[in-house]
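Asker: Sharing a structure below in structure tokens format, with a few things to ask.
The values are calculated or read from the model by the stated rules, or taken from the named source; none is laboratory data. Not measured: the values here are computed from a predicted model. For neighbour counting, all protein chains shown are included, and Cβ atoms are generated from backbone atoms with ideal geometry for every residue, glycine included. Just so you know, the surface numbers come from the protein's heavy atoms only, side chains and all, with ligands and any DNA or RNA stripped out. Shrake-Rupley method; radii C 1.70, N 1.55, O 1.52, S 1.80 Å.
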Amino acid sequence: SWQSYDRDSISEGGGVWSRREKSIDLTDEVRLALDTDATSLTPDELIQIILRAPVDLLWNGGIGTYVKASSESHVDCYDRANDSVRVDAAELRCSVVGEGGNLGFTQMGRIEYARNGGRINTDFIDNSGGVDCSDREVNLKILLGVAEERGELNHEDRVALISGVTEDVTVRVLADNYDQALILSQDEERSVPNLEAYEDLMKTLERHGLLNRELEGLPSTDEIAERARDGRGLTRPELSVLLAYAKQDLKNALIESDVPDLPDVLPELRAYFPDEVTKRFGHLLEDHPLKREILATVLASRVLNDEGITFVNRLVMETGATRAEVVPAYRLAHRLIGAHERWVAVEQLDVDVDPALRRELLDAIDYLVESVTRWYLARPDESLTPDELESARKSFAELEVSFAEADFDDWREHGVAEVAELVVAGIPTELATRHVYHEKLVHAPDIIELANQSDRDVSEIVELYILIGDRYQLDWLEGQVGQLAATTRWDRWAIRSLEGDLIRLRRDIAGWVLASGDGLGPNAALDAYAKARAERHARLAQFMNLLAQEGSVDLDPLLVATRQIRALAG
């Protein structure tokens, strides 16, 4: 019982008191810690003071709902036993809440606390490590059960093996939960300028019969519009609910597809189980009775933890692909650019690095993965053998170096300045250099394809791409597009469409120059190409100069400019 506590282990002034006592005298230490002038309180009053204490972390465990929203009554909490001690979320003075119990807060209480600046997830997010561990334990025992049935493992060895992989499972569970918490932080920031994408997802989940917005405390269409006007996004508790449903929806789609049966996803199943287990019983993975369900769960979590809650739904709506088609395209993009290593490099940065800068670095990687995923979705029949993928990875690494080492005065000066600024902010030089040129890597698949088709070195195509960006002011146009704000889904789709048009335009111009270059180097080939179309290029230069003189540029002129470049440079 509580009376079993070793009093000598409790700090000065603390103690253990029964809730049945009429009153409790507060020591000076307790009064200071709880920031109260009271010298004596009833047990219920003291519990309320504890809940309102000015502390870093309020940790809730056990059973009972202790915090509600100001707009809720105690009846709404369905927990009469704690009516006398429950407080409103607006009264809390803690910085962070950790919910180790079930429903320590009502959902509306969580949202109120978050909107007042508090950091909180939900109980099912804070307790997801236990659920993850339990799932892995069950799936591991099922696999080892198959081994026992086939006489490859006896009971004593089975018990020893399960005990021996504890640390391995722990590391995997913690990694899952770290990634999940991190994407909630990223989506909390992303939701502010992109609220319509989150509502699109809510509508999709409603159509699929999974989500009831009112029941889950998620904002209505009218409230979404109000938040967009006020510059407010979704809170972590709301995003936690949305993430859970988005994962369930994607998992359902994957189970109904052939993705879990694709040969190249089997390594995901091997990676799910401890190394010692796959070393001895990897040959039995294909016979695991829950193989497809495990793979669907792992892939759904991986994609959304990596790229964000709305990632799959946005690509489905913007490209016409199915949810199941997005996942293989994402996996190709992920492997081509080595996304995991890039994310890890950011996650391992010194703790003193500004969290906002960390998110900026992570968002840049996510944008690159998304852009390359779109490239593969535009080529639904595109598939790579392991050897072809490895060759593409080497070409990607080569072109990344080529972008960073390109010897053009303005290009190099701009890049060196940006790298130096990041290094001052605590980012290692290698990572800073990689980040500065990230946005140019959206052209990587096209550059690699052009290099293969023209039998040229990747570095030559990179040089040509840089020259084309300057000659036709595509770099300036891309910068202008990057500053456009999307206030509606149609704005967002139009901006995405324009970004895609500019990527294709640069690739097409590069192809035209190479086709007419007769083996000339990039600079000479582009000069010869432009000279042969001098009159049209002069008209184009006049148009672009006029556009640049207008200063602030919105979507319509940029669309016109892109069409003009294609018409006059082609």
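Asker: Could you let me know the centre-to-centre spacing of the range 438-504 and the range 170-236, using Cα atoms, in angstrom?
Answerer: Measuring centre to centre over Cα atoms gives 30 Å.
Asker: Taking only the alpha-carbon atoms of the range 370-491, what semi-axes of the equivalent ellipsoid follow from 5 times the gyration tensor eigenvalues under a square root, in whole Å, largest first?
Answerer: Here the semi-axes work out to 25, 21, 16 Å.
Asker: Moving to a separate point now. So which GluC sites (Glu not before Pro) in the range 1-83 are both in a DSSP loop and have at most 15 other Cβ atoms within 10 Å of their Cβ?
Answerer: Sparse-neighbourhood loop GluC sites (Glu not before Pro): GLU12, GLU21.
Asker: At a probe size of 1.4 Å, how large is the accessible area of LYS141, to the nearest 10 Å²?
Answerer: About 80 Å², rounded to the nearest 10.
Asker: Given the C-alpha centroids of the range 101-154 and the range 540-569, what is the distance between them in whole angstrom?
Answerer: 53
Asker: Moving on. How big is the convex hull of the Cα atoms of the range 94-201, per residue, in Å³?
Answerer: Residue-normalised Cα hull volume stands at 148 Å³.
Asker: Output wanted: per-residue J couplings in Hz (rounded whole) for the range 223-230, from phi through Karplus 6.51 cos²θ - 1.76 cosθ + 1.60, θ = phi - 60°, x for Gly and Pro.
Answerer: Once rounded to whole Hz, the list reads 5, 4, 5, 5, 5, 4, 5, 8.
Asker: Set Lys and Arg Cβ to +1 and Asp and Glu Cβ to -1, take the dipole of the chain about its Cα centre, and tell me which of LEU46, ILE447, ALA324 lies farthest positive.
Answerer: Most positive-ward Cα: ALA324.
Asker: So how do 220-227, 49-56 stack up, highest first, on mean other-Cβ count within 10 Å?
Answerer: The most tightly packed comes first, giving 49-56, 220-227.
Asker: While we're on this one: What does the highest-first list of 232-242, 373-383, 120-130 look like by mean Cβ count within 10 Å?
Answerer: 232-242, 120-130, 373-383
Asker: Further question on the same structure: Please report, in debye to the nearest 20, how large the charge dipole of the chain is about its Cα centre when each Lys and Arg carries +1 at its beta carbon and each Asp and Glu carries -1 there.
Answerer: Dipole about the Cα centre, nearest 20: 1200 debye.
Asker: For THR170 and LYS22, calculate 0.36 nm times their separation in residues minus their Cα-Cα distance, and state this gained length in nm to one decimal.
Answerer: Gain on extension, THR170 to LYS22, equals 48.8 nm.
Asker: Further question on the same structure: Determine, for each peptide in 558-564, 409-415, 154-160, 98-104, the mean count of other beta carbons within 10 angstrom over its residues, then list the peptides with the highest first.
Answerer: 98-104, 558-564, 409-415, 154-160
Asker: For the range 399-407, take each phi angle, set θ = phi - 60°, evaluate the Karplus expression 6.51 cos²θ - 1.76 cosθ + 1.60, and give the result in whole Hz per residue in order, putting x for glycine and proline.
Answerer: Going residue by residue, I get 6, 4, 5, 4, 4, 6, 9, 4, 9 Hz, with x marking Gly and Pro.
Asker: I've got another one for you. Just by accessible area at a 1.4 angstrom probe, what is the order of TRP493, TRP2 from largest to smallest?
Answerer: TRP2, TRP493
Asker: Still on this structure, I have one more. Can you give me the relative contact order of the chain as a percent, contacts being Cα pairs under 8 Å and 6 or more apart?
Answerer: About 8 percent, as a whole number.
Asker: Using the alpha carbon gyration tensor of the range 421-477, what are the three equivalent-ellipsoid semi-axes (square root of 5 times each eigenvalue), largest first, in whole Å?
Answerer: Largest first, the range 421-477 gives 26, 15, 8 Å.
Asker: Running Debye on the range 1-108 with equal point scatterers at the Cα sites and no solvent, what base-10 log of I(q)/I(0) appears at q = 0.13, 0.14, 0.15, 0.16 Å⁻¹?
Answerer: The Debye formula, applied to the Cα set alone, gives -0.52, -0.61, -0.70, -0.80.
Asker: From the Cα gyration tensor of the chain, with a ≥ b ≥ c the square roots of its eigenvalues, which class applies: rounded if a/c is under 1.5, or else prolate if a/b is larger than b/c, or else oblate?
Answerer: Since a/c reaches 1.5 and a/b is larger than b/c, the shape of the chain is classed as prolate.
Asker: Take the Cα of HIS208, step 7 Å along the line toward its Cβ, and report every residue of the range 226-261 whose backbone nitrogen sits under 16 Å from that point.
Answerer: 240-260
Asker: Below 12 angstrom from the Cβ of ARG158, what's the summed charge of the other residues (Lys, Arg +1; Asp, Glu -1)?
Answerer: -3
Asker: Determine which lysines satisfy two conditions relative to LYS279: a Cα distance under 30 Å, and not lying fewer than 8 residues away in the same chain.
Answerer: LYS141, LYS247, LYS251, LYS291, LYS394
Asker: Right, something else. Output wanted: per-residue J couplings in Hz (rounded whole) for the range 50-64, from phi through Karplus 6.51 cos²θ - 1.76 cosθ + 1.60, θ = phi - 60°, x for Gly and Pro.
Answerer: Residue by residue, the range 50-64 yields 4, 4, 8, 5, x, 10, 6, 10, 9, 9, 9, x, x, 10, x Hz.
Asker: Give the calculated FRET efficiency between ASN523 and VAL423 to the nearest 0.05, with a Förster radius of 30 Å applied to their Cβ-Cβ distance.
Answerer: Computed FRET efficiency for ASN523 and VAL423: 0.45.
Asker: Averaging sequence separations of C-alpha pairs under 8 Å and six or more residues apart, then dividing by the length of the range 154-281, give the relative contact order as a whole percent.
Answerer: Averaging sequence separation for qualifying contacts and normalising by length gives 31 percent for the range 154-281.
Asker: Quick one: net charge around GLU256, please, counting Lys, Arg +1 and Asp, Glu -1 for every other residue with C-beta under 14 Å from its C-beta.
Answerer: Overall, the nearby charge balance is -2.
Asker: Here's a follow-up. Could you work out [θ]222 nm for the chain from helices alone, using -39500 (n - 2.57) per DSSP H run of at least four and dividing by all its residues? Round to the nearest 500 deg cm²/dmol.
Answerer: -20500 deg cm²/dmol
Asker: Let me know the shape class of the range 418-570, please: from the alpha-carbon gyration tensor, a ≥ b ≥ c as square roots of the eigenvalues, rounded when a/c is under 1.5, otherwise prolate if a/b is greater than b/c, or oblate.
Answerer: Oblate shape, in that a/c is at least 1.5 and b/c is the bigger or equal ratio.
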